[in-house]
1. V79 - would you say it is among the aliphatic types (A, V, I, L, M) and either within 22 Å of L153 (Cα to Cα) or over 22 Å from the mean Cα position of the chain (by Cα) (or both)?
2. In the list A148, A140, which residue meets the criterion of being touching a residue at least 12 places away in the same chain (Cβ under 8 Å), part of a loop (DSSP other than H, G, I, E, B), farther than 21 Å from K76 by Cα and not hydroxyl-bearing (S, T, Y)?
3. Take the stretch 235-278 and flag every residue that is polar (S, T, N, Q) and either surrounded by fewer than 12 Cβ atoms within 10 Å (Cβ to Cβ) or in a helix (DSSP H, G or I) (or both).
4. Filter the stretch 138-173 down to residues that are in the same structural domain as V118 (by TED's automatic domain parsing), of a type in the set (A, V, I, L, M, F, W, C) and surrounded by 18 or more Cβ atoms within 10 Å (Cβ to Cβ) and give me whichever is farthest from Q263 (Cα to Cα).
5. Name the single residue, out of those in the stretch 185-202 being under 17 Å from A214 (Cα atoms), out of contact with any Leu (no Cβ under 6 Å at 6 or more places or on another chain) and without any contact (Cβ under 8 Å) to a residue 24 or more places away in the chain, that is surrounded by the most Cβ atoms within 10 Å (Cβ to Cβ).
6. Considering only residues that are β-branched (V, I, T) and in contact with a Phe, Trp or Tyr (Cβ under 6 Å, 6 or more places away or on another chain), which ones fall in the stretch 128-175?
7. Go through the stretch 109-137 and report how many residues are surrounded by 21 or more Cβ atoms within 10 Å (Cβ to Cβ) and in contact (Cβ under 8 Å) with a residue 60 or more places away in the chain.
8. Given the condition in contact (Cβ under 8 Å) with a residue 24 or more places away in the chain and among the hydrophobic types (A, V, I, L, M, F, W, C), answer yes or no: does some residue in the stretch 224-245 qualify?
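The values are calculated or read from the model by the stated rules, or taken from the named source; none is laboratory data. These numbers were taken from a predicted model, which means no experiment stands behind them. Every residue, glycine as well, gets a Cβ built from its backbone with ideal geometry; the counts of neighbours run over all protein chains shown.
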Amino acid sequence: MTTSPTLPPVAFIGGGNMASAILGGLLRAGLPAASFEIVEPWDEARERLQRDFGVAARPAPTEALARCGVFVWAVKPQVFGEAARAAQPFAGHALHLSVAAGIPSQSIAGWLGTERIVRAMPNTPALVGQGMTGLFARAAAGESDRAAVEQLLAPTGQRLWVQDEALLDAVTAMSGSGPAYVFFFIEAMAEAGAEMGLPPEDALRLAVGTFTGASALAAASSEPPAVLRERVTSKGGTTHAAITSMQAADVKEKFKAAIRAAQQRAGELAAEFGQPSA
C-alpha cells in the first residue's frame with residue numbers, strides 16, 4: 001500500500017486489536033510514529049503499543065488530539081459515549097471512523113457534534129491483513145473522507161460499502177462475528193481428526209489447511225459455493241455421507257439461525273449503548 005503524504009495525523013481512541021491492526025499497517029506503509037495520537041486507559045495496553053509499535057499512548061484525551069484530522073474509535077460499545085464526551089472538545093473538526101459494534105452513527109454524531117462519520121465493521125483476520133470490513137458513511141462524509149477511510153483500512157484486507165446503515169448488523173453477524181464460526185468448525189474438525197487417531201497437531205493442520213484452501217478456491221471461482229460443493233460430493237462417497245448426515249441434522253438451518261441471533265444482538269447493542277446523552 002502507498003500512503004499519501006497528505007494523510008493528516010490520526011487519533012486512535014482505544015488501542016486494542018483492531019486499532020493495532022490499522023496502526024501497524026500504516027506504520028509499515030511508511031507513516032512515522034509521530035503521525036499518531038493514541039488514547040488508551042489501560043497501562044498494559046499502553047506498554048504493548050510502545051513495545052510493539054514504538055508509539056506512545058496517553059491514558060486520557062488531551063489537547064494534543066486537536067492536531068488530528070481523523071479519529072479512529074476502537075472502544076467497546078458500553079464505553080463509547082463516555083469516551084466520546086471526553087474527547088469531543090478536541091474532535092469536532094475531524095473525520096470519525098468507528099469500529100465499535102452496534103453503535104449507530106446518529107448516536108456518534110450526537111456525542112461528537114459532527115456528521116462526518118463512517119462506521120466500520122472489521123473482523124480479526126485484519127490482524128494478518130486478511131480482514132473483511134463492512135463500511136457505511138453518513139451523507140456528510142464525502143468522497144475525500146471515504147478515500148481517507150479506504151487508505152486507513154487498506155492494510156487490513158478487503159472492504160465493502162453498504163448504502164443502508166441497518167445492513168451493518170448483518171455484516172456484523174456474518175463477517176464481524178464470522179471468524180469465530182470458522183474457528184468453531186476448525187475446532188470440531190481437529191477434534192474429530194484426533195478422535196479418529198491422528199496426532200492432534202496433524203489434525204489441526206489438516207483442518208486449517210482445508211479451510212484455507214477451500215476459501216481460496218471459492219474466492220477464485222466464478223461458480224457459487226453450492227456448485228463447488230456438489231463437485232466434491234460424489235453420490236455414495238465419503239463426502240456424500242458427511243453432507244447427508246449434516247442435512248439430516250438440519251445443520252444449515254441451525255447455522256443460519258445462529259447468524260440471525262448475532263444480527264439480533266447487534267441491534268440490541270444499539271438499543272443498550274447507542275442512545276446519545278443530553
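1. It is false that V79 is among the aliphatic types (A, V, I, L, M) and either within 22 Å of L153 (Cα to Cα) or over 22 Å from the mean Cα position of the chain (by Cα) (or both).
2. A140 is the lone residue from the list that is touching a residue at least 12 places away in the same chain (Cβ under 8 Å), part of a loop (DSSP other than H, G, I, E, B), farther than 21 Å from K76 by Cα and not hydroxyl-bearing (S, T, Y).
3. T238, T239, T244, S245, Q247, Q263, Q264, S277
4. Among residues in the stretch 138-173 that are in the same structural domain as V118 (by TED's automatic domain parsing), of a type in the set (A, V, I, L, M, F, W, C) and surrounded by 18 or more Cβ atoms within 10 Å (Cβ to Cβ), the one farthest from Q263 (Cα to Cα) is A148.
5. So the residue we want is M189.
6. The answer is V162, and nothing else.
7. 4
8. Checked the stretch 224-245: no residue is in contact (Cβ under 8 Å) with a residue 24 or more places away in the chain and among the hydrophobic types (A, V, I, L, M, F, W, C).
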